[in-house]
1. Going by amide H atoms built from the backbone, whose H comes under 5 Å of the H on A248, apart from near neighbours?
2. On alpha carbon coordinates alone, what is the Rg over Rh value for the stretch 139-233, Rh being the Kirkwood radius?
3. So if we plug the beta-carbon distance of A311 and D196 into 1/(1 + (r/R0)^6) with R0 = 45 Å, what FRET efficiency do we get, rounded to 0.05?
4. Going by C-beta contacts inside 10 Å, put D75, D203 in order with the fewest on the left.
5. Sort S313, S148 by Cβ crowding within 10 Å, fewest neighbours at the top.
6. Would you work out if the stretch 4-63 is rounded, prolate or oblate? Take a ≥ b ≥ c from the square roots of the eigenvalues of the alpha-carbon gyration tensor; rounded if a/c is under 1.5, else prolate when a/b is larger than b/c, oblate otherwise.
7. By counting other Cβ atoms within 10 Å of each Cβ, how are M286, M205 ranked from fewest to most?
8. Loop-only check: which trypsin sites (Lys or Arg not before Pro) in the stretch 140-231 are DSSP coil with at most 11 other Cβ within 10 angstrom?
Amino acid sequence: MSDPTARALTLLSLLQTHRHWKGSELADRLGVTERTVRRDIDRLRELGYPVDAAAGVDGGYRLAVGSHIPPLLLDDEEAVALVIGLQRAAVSAIDGIEQSTLQLVAKLDQILPDRLRRQVDALRSSVEVMAWTPSDEPVPAASLTVLSLACRDHEEVRFDYRRRDGEDSRRLVQPHQLVSAGRRWYLVAWDVRREDWRTFRLDRMGAPALAGARFDPRPLPAADASSFVAEGMRSMATEHRATVRVDATPDALDGLSRWLGATQTVVEGWTRLDLRSDSLDWLASMVLIVASRFDVAALDAPQQVHDTLAAASSRVAAVTGPRRLHRNDQKPRAQPSVALPVTRRRQ
């Protein structure tokens, strides 16, 4: 490769994708001598790219961490993936990054070649990201930064925390892992004062700060942090419960059950779903979601859930025709308390 500029760009691309290159390997890739490689390395350093060199048999070159951000070299797939990922991040639950993300997307749009811009525009027109407006407070980006560093460096963290019951407390924890679950972020950590593993929602956390003390990591009592959070969500006490009997196999219900956080059991050839929620309205919505996809035979739930379902049923019965939903796991009664429109499951 005779063109010095093209050779320097190729060399930079190689250094960005590999932790360590021997001089002979780079020379073979570029089709030049090792002496020319050394001159090209010096040229990259003059442009601001920190390249470390080590002598000896195991010596070579690697791109090091610098004091500022030099220009990045991206291939086509990386550039498209970066733009799409940034657009999705712009509607995330992290506070304070929306404007910076959109500014970065605009900068990338200006420099993308036409062929890549067409790919990005095609994805934009075909995919729409729904912007949620939850009641939860967005998570400050600074909190994510502090907690991420604490997880990486095994450093204790202090923060204020508001529990589900509204009680405020001051916590000292040993962070293990951050977990993103939809619009919510969780921290899995060892609570120093309570001497047990805990899961903390970041939107209930106030002013996390490094405590200055390092710790030796403990083994997590789960396969991974995501499993630990999921198990905690399943076992968390909820105020309202409902049991629905469904004419479907557990396998057919598996995806829906996991999404709703329901527990499945088989009773006399039927699948029983145990639903739980802190909100009666959401509990009623969960039943409606199940009934809209499967043939529901019986329901055991608080009276307010039945009232909500009856109101919903009356609004759509004129169009779809009612199906009967009963209040217990026994045989259907002649006069059911609630009527719901449901669609029979296809065989």
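1. T271
2. With Rh from the inverse mean 1/r over Cα pairs, Rg/Rh is 0.92.
3. 0.55
4. Ascending number of Cβ neighbours within 10 Å: D75, D203.
5. Lowest count first: S148, S313.
6. Rounded.
7. Details: M286 24, M205 21.
Result, fewest neighbours first: M205, M286.
8. Numbers: sites: R152, R158, R162, R163, R164, R170, R171, R183, R184, R193, R194, R198, R201, R204, R214; in loops: R163, R164, R183, R193, R194.
The qualifying sites are R163, R164, R193.
Quick note: the coordinates plus some simple rules give every number you see, no bench work behind them. Everything quoted here is computed from the prediction, not taken from an experiment. A quick note on method: Cβ atoms are made from the backbone with ideal geometry, for glycine too, and the neighbour counts reach across all protein chains shown.
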